[in-house]
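**Student:** Just passing along the structure, written as structure tokens.
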Amino acid sequence: MRVYVKLLATYQKYLPPEAEGSTYPLEVEPGTTVEELVATLPIPGRDASVVLVNGRGPQPDQTLREDDVVCLFPAIAGG
């Protein structure tokens, strides 16, 4: 099943060569959760990431569907 991963801000340096802009397709097994997908990405400090699926915050243990767009970017602390 194909989903799309979108990496923004400082995460763009982890994009693979086949990425178009900030997005690339990724094949995952049916039933893959958002958490499982994120765990496979080569991004350090994933726990401090903001994760969106199709522009919305995912539910805990949300299962991905064909053509979903999973967007990640670093959380920014302010003061």
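**Student:** Take the conditions in contact with a helix residue (DSSP H, G or I) (Cβ under 9 Å, 6 or more places away or on another chain) and charged (D, E, K, R) and apply them to Asp61. Does it pass?
**Tutor:** Numbers: in contact with a helix residue (DSSP H, G or I) (Cβ under 9 Å, 6 or more places away or on another chain): yes; charged (D, E, K, R): yes.
Taking the combined requirement at face value, the residue satisfies it.
**Student:** Just give me the residues in the stretch 10-61 being among the hydroxyl-bearing types (Ser, Thr, Tyr), assigned to a loop (DSSP other than H, G, I, E, B) and under 18 Å from Pro74 (Cα atoms), in sequence order. If you could, list the steps in order and put the result at the bottom.
**Tutor:** From the stretch 10-61, those among the hydroxyl-bearing types (Ser, Thr, Tyr) are 10-11, 14, 22-24, 32-33, 40, 49; that's our starting set.
From what's left, assigned to a loop (DSSP other than H, G, I, E, B): 22, 32.
Result: Ser22, single match.
**Student:** While we're on this one: Looking at Val38, Val50, can you tell me which residue is modelled with pLDDT under 95, surrounded by 10 or more Cβ atoms within 10 Å (Cβ to Cβ) and touching a Pro at 6+ places or on another chain (Cβ under 8 Å)?
**Tutor:** Val50
**Student:** For the stretch 31-65, name all the residues that are of a type in the set (S, T, N, Q) and over 18 Å from Arg2 (Cβ atoms).
**Tutor:** Narrowing the stretch 31-65 to residues of a type in the set (S, T, N, Q): 32-33, 40, 49, 54, 59, 62-63.
Listed by number, the residues that qualify are Ser49, Gln59.
**Student:** For the stretch 54-66, indicate whether the set of residues that are in contact (Cβ under 8 Å) with a residue 60 or more places away in the chain, in contact with an Asp or Glu (Cβ under 6 Å, 6 or more places away or on another chain), buried (at least 16 other Cβ atoms within 10 Å of the Cβ) and not polar (S, T, N, Q) is non-empty.
**Tutor:** no
**Student:** With the structure loaded, tell me whether Gly45 is exposed (fewer than 14 other Cβ atoms within 10 Å of the Cβ) and at pLDDT 90 or above or whether it fails that test.
**Tutor:** Spelling it out, it is not the case that Gly45 is exposed (fewer than 14 other Cβ atoms within 10 Å of the Cβ) and at pLDDT 90 or above.
**Student:** Further question: Sort out which residues of the stretch 1-42 are among the small types (Gly, Ala, Ser) and either in contact (Cβ under 8 Å) with a residue 24 or more places away in the chain or touching a strand residue (DSSP E or B) at 6+ places or on another chain (Cβ under 6 Å) (or both), and write them in order of number.
**Tutor:** Selection gives Ala9, Ser22, Gly31.
The values are calculated or read from the model by the stated rules, or taken from the named source; none is laboratory data. Note that the structure is a prediction, hence the values are computed from the model and not measured. Using ideal geometry, Cβ is built from the backbone for each residue, glycine included, and neighbour counts are taken over all protein chains shown.
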